[in-house]
1. Can you give the charge dipole size of segment A:64-287 about its Cα centre, rounded to the nearest 20 debye, using +1 on the beta carbon of Lys and Arg and -1 on the beta carbon of Asp and Glu?
2. Straight-line reach from residue B:108: which aspartates and glutamates fall under 16 Å, measuring Cα to Cα and dropping same-chain residues less than 8 apart?
3. Taking the Cα centroid of segment B:194-215 and of segment A:143-177, what is the distance between the two, rounded to the nearest whole Å?
4. Residue B:239: net charge of surrounding residues, Cβ under 12 Å, Lys/Arg +1, Asp/Glu -1, itself excluded?
5. With a Förster radius of 51 Å, plug the Cβ-Cβ distance of residue B:235 and residue A:195 into 1/(1 + (r/R0)^6) and report the FRET value to the nearest 0.05.
6. Tell me, which longest segment in chain B has none of the GluC sites (Glu not before Pro) that fall in DSSP loops with at most 13 further Cβ atoms within 10 Å?
7. Compute the distance from the alpha-carbon center of segment B:234-284 to that of segment B:71-124, in whole Å.
8. Taking the Cα centre of the protein assembly as shown as origin, work out the dipole magnitude from +1 charges on Lys and Arg Cβ and -1 charges on Asp and Glu Cβ, in debye rounded to 20.
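Nothing in this text is a laboratory measurement; each read-out follows from the coordinates by a stated rule. Treat the numbers as computed from the prediction; the structure is a model and nothing was measured. Note that we place each Cβ from the backbone using ideal geometry, even for glycine, and neighbour counts take in every protein chain shown.
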Amino acid sequence: MKSKAWTEKFMQGVFAVAACASVLAVALICIFLFANGIPAMSKIGFGEFLTGELWKPKNDIYGIFPMIIGSLYVTAGAIIIGVPIGILTAVFMAFYCPKVIYKPLKMATELLAGIPSVVYGFFGLVVLVPWVREIGRTLHQGGNGSSMITASILLGMMILPTIIGLTESALRAVPTQYYEGAVALGGTHERAIFTVVLPAAKSGVVAAIVLGIGRAIGETMAVIMVAGNQPRMPEGIFRGVRTLTANIVIEMGYASGLHREALIATGVVLFVFILLLNFCVALLKRGKNYE
Amino acid sequence: MSSNEVTWKDKLKAYTRTPGSLIVMLLVMLSAIMTFAVLIFLIVYVLAHGVPYLKPSIFSLHYTSENASLMPALINTVIMTLLSLLIAVPFGIFAAIFLVEYAKRGNKFVEVIRLTTETLQGIPSIVYGLFGMLFFVNTCKWGFSILAGAFTLAIMVLPLIMRSTEEALKSVPDSYREGSFGLGAGKLRTVFRIVLPSAIPGILAGVILAIGRIVGETAALIYTAGTVAKVPKNVLSSGRTLAVHMYNLSSEGLYMNQAYATAVVLLVLVVVINTLSGMIAKRITKA
């Protein structure tokens, strides 16, 4: 009897330890990133590092402002392209889609989420880049196709499944009486959806957008393959741009010394951005619970 | 047809009376068509350009600068997937068991675990890659190795496995547990003999999702597992997975045809993985 009680206790301990793994992982990630990134930042100077417009590792000038702006621009572009299409597609899935084709379409959105980012990047490289090059030339904008707009379009595609999935479930969570009431008052199908159901699902939709932003700002490989990656202030939507994520992957291979630490510090900045976004999502969720 | 049924004509007439609604409806349709057209175009484009290059030489066991074979990368992918799961699955399942079966509701510790799991889920893969490089490669002195890559990926997919196992455990009815306790079984026995077996499909769906993420991962692996295009001798040697292989081919720009072929293999893998998880999910809803 006694040994059995002991095993029970022992296994409970094992489960508890396993549960600590995620806490430990987050703690280790924070410690290692900050411990390796913060010293470089203070060596370069926080202000200079974050707002410096020049990135010249050879001359020991490290300013990541162009990359911060690049990440923000590309993400904003992705949101402008992806969010309207995503929300409208979610409305289609929830209110228009004939039952027969719903299942295949649902699987298609899941597939869209499952396609690896390198494959998206490759697609962007061989299809979108030449297209944008042509458009840029006809508009006399120049550029070689690897540009801010290309990255935005590609990221817009990549955040679609996130936006569609979460918006659709938010729409479905709205009680049907809302819709029925609106239609009973004489509203059309569209009016009922867009003036009653969609506003009621607001918090879910906003959470979807915030998660979409998180995905876009953290995306690395696809962006590297289509954005051009010039480390300078963005000059226009048809010109190349470098994001924070791209900066890390491109230069980490040969960096050493302060250069390498500056790259890790770039990762720290990215990490802080993501933590802030996560915090927003947590707040949104909490807000929903109290409603 | 009965007279009070709404026909297409009636709908059309109603829409002509409310042009605003008509425009909105058209926008909705257009968006949906665009979304699915993009997916279909991507798949068809990659298949059309890649399938012709799926020659036997690309599946040869050794990578040379002439054939740019993807076979070593494919083998590495399998090894990497197995190794990552070997680490992440026990931890994920045990953690979920703790959260669902042992922890008391409203426990502060549980809240901390929830918070950190959600944080892990939002961290971009390049940050995992940086951490893996700093910790596993440098601090643990494993060098660029399969092992470092697998540990990095294991942390990355841990929240996924935890979440799906949690959901699966929660959906097991309490009457199962009560019945087992009533028959005199202890808590541990109940968990392993009764609860876990009924939760297997849900856990499996999570594991398959995790496989999908591992197979498609690049940014977290470049600076942890490295980019050597060989089958590794042991877990401490470097090796590139299929996704990394694909990135290298397309950024070098010398082997575009092979890159297309690799894209096809990756796509096929992803489709298979997705269908599998879909089938399992369907089984769960049926049961």
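1. Numbers: 15 positive and 9 negative charges, 35 e Å.
So the magnitude is around 160 debye.
2. The qualifying aspartates and glutamates are B:118.
3. A separation of 27 Å, based on Cα centres.
4. On the way: positive: B:230, B:233, B:240; negative: none.
That sum, taken over residues with Cβ under 12 Å, equals +3.
5. Values: r = 59 Å, r/R0 = 1.15.
E(calc), rounded to 0.05, equals 0.30.
6. Numbers: sites that count: B:5, B:66.
In chain B, the maximal stretch lacking such sites is B:67-287.
7. Each part reduced to its Cα centre gives a spacing of 23 Å.
8. Values: 45 positive and 26 negative charges, 222 e Å.
Using Cβ point charges on Lys, Arg, Asp and Glu, the protein assembly as shown gives about 1060 debye.
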